[in-house]
Structures are given as C-alpha cells and as structure tokens.
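A.B. asks: One structure coming up, written as structure tokens, with questions to follow.
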Amino acid sequence: MAEDLVERIVSLCKQRGFVYPSSEIYGGLNAVYDFGPLGVRLRRNIRNRWWRSMVELRDDVDGIETSVLMNPEVWAASGHVQSFTDPLVDCTGACRKRWREDHLAAERTARGKAPDAPGCPECGGPLTAARQFNLMFKTFIGPVEDSAAQIWLRPETAQGMFVNFANVVNSTRRRLPFGIAQQGKAFRNEISPGNFIFRLREFELMEMEYFCKPGSDRELHDYWCQERWRWHTEEMGVRAGNLRLRAHEKHELSHYSTATSDIEYSYPFGWGELEGIADRTDYDLRTHAEHSGRDLSFFDAQTNERFTPFVIEPAVGLERIFITLLVDAYDEEAVRGETRVVLRLHPDVAPVQVAVLPLSKRAELTEPAHRIDHELRAVFATEYDETQSIGRRYRRQDEIGTPLAVTVDFDTLQDDAVTIRERDSMEQVRVPLANLTPALKDQLDASRRRAVARATGSS
C-alpha cells in the first residue's frame, strides 16, 4: 500500500472535500492548492492546537501578527537576498524540466533509477551546470514597476518577530527567557515542489522565537526538541514509531545556525522534515541592529548586564502537519468482505467529532435528528447527514476520521434513546437522549486516551 498511498490520499482529499487543486477549471497551478470544507476544519484544528499549546497555556510566550510585505532592507539584513537560494539545473532534453541539484539523487531513486545516474531523472537528457536561484517572490509597491519599488513576499514569518523584538519587550516588560509566536502565510518560489501538499509555493508557517541568555541556548534547544516531539505524539496523535529526531550535520547548517534538529516523518516517499528546531544564536538580532542602527540588545535588571539574546526557533508548516496526520491516520481493513477506509485521527484534530445520522429521510426522524445536531453543536464539532444508506454514511464518516456517530432510529420515537457508534471498533451502544452529551464526552475522552496510546506505543 505504501507505493500508492499518496495517490489514495490525494483522491480521498478531493472526493471528501479536504484539498482541491487551485483554479482547477483553468488547468490548475503547480504546487498551489485550495482547502475544502473538511480541509478548513482540519487546518483550524491544527492551528488552534498549536496556538493553545505554544501561547495560551504558557506564561513565557506572547503572540503577534506581522505583515506579509516588509521593508526590503529586512531581507537584505537577514541574508535572504544573498543566501536564500537553491542550486538549479535545467534539462535540455525532451522533458525540459528544472530540478534542484541537491534533489537529483532522490528524484532518480523515486523513478527507479540509480541515484548517481547521469542525466535528467525524468527523461535521461543532459543537464545544465548548476546556478543559484533565489526562492523569494518579487513584487512591486506603488504604481511604477522599477527597482526602487521592488519588494518581496515573505519566505518566513520569523523576521517579523525579530524586527519587533524591542517593541514586544517594551510593551510586555518580559524577562528572559521568553518567546514570540506567530502563524501566517509565507511564499517560496520552489524549483521542484511536489508530493502533494508536502512542498508548496504558498503555505502557512507556525514559528516561535524563544529568546534566551547566551550560554543557555543548548539546554533550551534540547528542551524544545523534546517538547515539540511530545506535542506531535501526545497532542496530535502522530505515531512515535514513524518519527525520528535527526541533528543536522555541520555542512547542512544554515548560515545563522550552530545547531538544528529536525523531527522527521517516514512518508511513503521517504523520510522528510516535519518540523525544525534551530539554535539561531544572536545572528538575527545582531544583523538587524547593525543594518538598522537600532539597539536590539536586552538589559537584564537582575544581573545588571546588557547583551544580545540568543534564539531557539521551533518552526513547522501547517501543511506539513496536515499531510502527516492524513498519512499517519490512513488505514484500510477488511470488513465482511469489503475494504473499509478509516482515518484514525485524534478526536481533537478530526474535522468532525460527532456525526448525527437519521436512519431514514422520513420527517419523523429527520426533525428530531436536526434538533439533536443543533444542540450538540454548542459542545462538539458536528455534521448532519441523511443521504444514502446508513451503512454508506458510516463508511463516509470513517473515511473523514469522525470518532463518533449518533444514529436516530424509529425506536428513538418510543424510548427517547439513540445509538452511538465508535469509529475504530465499530461498537455501538444505546444511550438515553437525556445523557447523550455526557456520554459523548466520556467516549471522546476514551478516544483521546486510545489515540495517545497508539501514538506513544503505550498500552
């Protein structure tokens, strides 16, 4: 199943309303996608759980939102204008494709060729010499498109937090260590995007800059590696057996980093970065201070010292989490001679927590079912569905990861009770309507415990 798992997930995403190709009626746009009704729900759940964990439940992190468009001097100072590049090669053979030189071996392997084979991975044609290609998108501000009006779409959200460091310190009176967190769109003109939504040109980043005293950075780097691992497994339900923490080799390190570790996931197309945790030292604050002429140092009143803080940065793309959750949760099993597709999502991540399903489309069932759905919406993420047979509706809810389904049947009219069906076991239990909300809460709590046990490998 691993060979075509991505294709199955792509099909499921379009069919069930998770992800659509952008502007598909015009032929689409490479590596740009739209998110449908269920995709939006899943994205919001990811976004909200990250913010809850990184900002709301901590007493040492504040959140901000900075603009996509920034003074172009920001990107000159940060090194992006000079260094945010990838090595580009062109195929001069039949396919005329462009490739990242450092991805050629992986691209050849994915196509069943030797990683060191000469020529283009697609058609075998000759390749040009590598040249550096800047990944930032250019645009212009104002009515005249000349070099003086040229600006960039941000390739990351981090710089907005660095240039606002003094503003946050002055307005919050924070003491070290503390963090500034942000979620927002970023844009990268990737040479060879691919693998569905794994590598995109327009994506959403969730980053946090944790400022600390020089000398404490290595210990805090280890802490954030452990904390982010815990979040992915215990709070998002990603199976630890599919993850690894890999420290970058010296030659892999970015120009601003002295230590970076990636939490990687074993995707069907190989190991890939899910989240990076970098020790950025004082590079960003120091360079912005030098280029802007502004003082971005920190005065520690407790030690009577002034210094430029070091920074630990956990950074993750929302779409990386999105595809990881789908791949990790996707399962197929034989049930009564048929194949049942199930997304075994953590109940707090699932787009729908409780489905309300009348057994029949007759009004005596649909009317109370609608009332039940409206009452449950105040507590749970619900969906109402009365179309097709009850078996097909159960299968649809399994495919989109809904943990629980409430069925309203003709017996409900007599006993004021409904049936709760659990996704993973398919077990059903009869519950009085008066106890429905607490019963659903109990079952979702049990589902949370099973999700954590599945993710961490505990019994």
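The values are calculated or read from the model by the stated rules, or taken from the named source; none is laboratory data. Everything numeric in this text was worked out from a predicted model, so none of it was measured. Using ideal geometry, Cβ is built from the backbone for each residue, glycine included, and neighbour counts are taken over all protein chains shown.
A.B. asks: Can you name the residue in the stretch 360-375 that is of a type outside the set (Asp, Glu) and surrounded by 20 or more Cβ atoms within 10 Å (Cβ to Cβ) and, of all such residues, is farthest from Leu444 (Cα to Cα)?
C.D. replies: Looking at residues that are of a type outside the set (Asp, Glu) and surrounded by 20 or more Cβ atoms within 10 Å (Cβ to Cβ), I get Leu365.
A.B. asks: Can you pull out every residue in the stretch 212-246 that is over 21 Å from the mean Cα position of the chain (by Cα) and farther than 12 Å from Pro314 by Cα?
C.D. replies: Those that are over 21 Å from the mean Cα position of the chain (by Cα) and farther than 12 Å from Pro314 by Cα: Cys212, Lys213, Pro214, Gly215, Ser216, Asp217, Arg218, Glu219.
A.B. asks: Ok, one more. Against the definition (exposed (fewer than 15 other Cβ atoms within 10 Å of the Cβ), under 24 Å from the mean Cα position of the chain (by Cα) and not charged (D, E, K, R)), how does Gly457 come out, yes or no?
C.D. replies: The answer is yes for Gly457.
A.B. asks: Could I ask something else about it? Counting only residues that are of a type in the set (A, V, I, L, M, F, W, C) and surrounded by fewer than 20 Cβ atoms within 10 Å (Cβ to Cβ), which one in the stretch 85-109 is modelled with the lowest pLDDT?
C.D. replies: Per the stated criteria, the residue is Ala106.
A.B. asks: Just for the stretch 317-348: of the residues that are without any contact (Cβ under 8 Å) to a residue 24 or more places away in the chain and not in a strand (DSSP E or B), which one is nearest to Ala451 (Cα to Cα)? Steps first, please.
C.D. replies: Within the stretch 317-348, the subset without any contact (Cβ under 8 Å) to a residue 24 or more places away in the chain is 331, 333-334, 336-339.
Narrowing further to those that are not in a strand (DSSP E or B): 336-337.
Numbers: Arg336: 25, Gly337: 27 Å.
Restricting to residues being without any contact (Cβ under 8 Å) to a residue 24 or more places away in the chain and not in a strand (DSSP E or B), the top hit is Arg336.
A.B. asks: Of all the residues that make up the stretch 138-168, how many are part of a helix (DSSP H, G or I) and touching a Leu at 6+ places or on another chain (Cβ under 9 Å)? Quick ask: steps written out before the conclusion?
C.D. replies: First pass over the stretch 138-168, keeping only residues part of a helix (DSSP H, G or I): 147-149, 158-162, 165-168.
In the following step, the residues that additionally are touching a Leu at 6+ places or on another chain (Cβ under 9 Å) were identified as 158, 162, 165-166.
Matching residues across the stretch 138-168 total 4.
A.B. asks: Shifting gears a bit: Name, by its number, the condition in (1) under 30 Å from the mean Cα position of the chain (by Cα); (2) surrounded by fewer than 19 Cβ atoms within 10 Å (Cβ to Cβ); (3) assigned to a loop (DSSP other than H, G, I, E, B); (4) in the same structural domain as Asn30 (by TED's automatic domain parsing) that does not hold for Gly112.
C.D. replies: (4)
A.B. asks: Go through the stretch 48-87 and give me each residue that's part of a loop (DSSP other than H, G, I, E, B) and charged (D, E, K, R).
C.D. replies: Selection gives Arg58, Asp59, Asp60, Glu65.
A.B. asks: In this structure, is Arg280 in the same structural domain as Phe198 (by TED's automatic domain parsing), in contact (Cβ under 8 Å) with a residue 12 or more places away in the chain and in a helix (DSSP H, G or I)? Before the answer, list the steps.
C.D. replies: Values: in the same structural domain as Phe198 (by TED's automatic domain parsing): yes; in contact (Cβ under 8 Å) with a residue 12 or more places away in the chain: yes; in a helix (DSSP H, G or I): no.
Answer is no for this residue.
A.B. asks: Here is a further query. Restricting attention to the stretch 284-302, which residues are within 18 Å of Gln82 (Cα to Cα) and buried (at least 20 other Cβ atoms within 10 Å of the Cβ)?
C.D. replies: Asp284, Leu285, His288
A.B. asks: While we're looking at this one, here's another question. Evaluate the stretch 139-159: report whether one residue or more is touching a strand residue (DSSP E or B) at 6+ places or on another chain (Cβ under 7 Å), of a type in the set (Phe, Trp, Tyr) and not assigned by TED's automatic domain parsing to the domain that holds Asn30.
C.D. replies: The answer is no; no qualifying residue exists.
Matching residues to (1) in contact (Cβ under 8 Å) with a residue 12 or more places away in the chain; (2) assigned to a loop (DSSP other than H, G, I, E, B); (3) within 30 Å of Asp222 (Cβ to Cβ); (4) touching a Pro at 6+ places or on another chain (Cβ under 8 Å):
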| position | (1), (2), (3), (4) |
| --- | --- |
| Ala315 | yes, no, yes, no |
| Val352 | yes, yes, no, no |
| Arg371 | no, no, no, no |
| Ala378 | no, yes, no, no |
| Gln388 | no, yes, no, no |
| Gly391 | no, no, no, no |
| Arg396 | yes, no, no, no |
| Ala405 | yes, no, no, no |
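A.B. asks: List the pairs whose first member sits in the stretch 151-179 and is charged (D, E, K, R), whose second member is assigned to a strand (DSSP E or B), and whose Cβ atoms are under 6 Å apart, counting only residues at least 6 apart or on separate chains?
C.D. replies: Cβ pairs passing all conditions: Arg154/Ala186; Glu156/Ala186.
A.B. asks: Let me ask something else. Please find, within the stretch 313-343, the residue that is farthest from Ser261 (Cα to Cα) out of those that are surrounded by fewer than 23 Cβ atoms within 10 Å (Cβ to Cβ) and hydroxyl-bearing (Ser, Thr, Tyr).
C.D. replies: Thr339
A.B. asks: Yes or no: the stretch 62-69 includes at least one residue that is under 30 Å from Gly401 (Cα atoms), surrounded by fewer than 18 Cβ atoms within 10 Å (Cβ to Cβ), assigned by TED's automatic domain parsing to the domain that holds Phe196 and in contact (Cβ under 8 Å) with a residue 24 or more places away in the chain.
C.D. replies: no
A.B. asks: Looking at the stretch 349-371, which of the residues that are more than 28 Å from the chain's Cα centre (by Cα) and among the β-branched types (Val, Ile, Thr) is farthest from Ala455 (Cα to Cα)?
C.D. replies: Within the stretch 349-371, the match that is farthest from Ala455 (Cα to Cα) is Thr366.
A.B. asks: While we're here: If only one of Pro347, Pro314 is at pLDDT 95 or above and farther than 22 Å from Thr157 by Cα, which one is it?
C.D. replies: After applying the criteria, what remains is Pro347.
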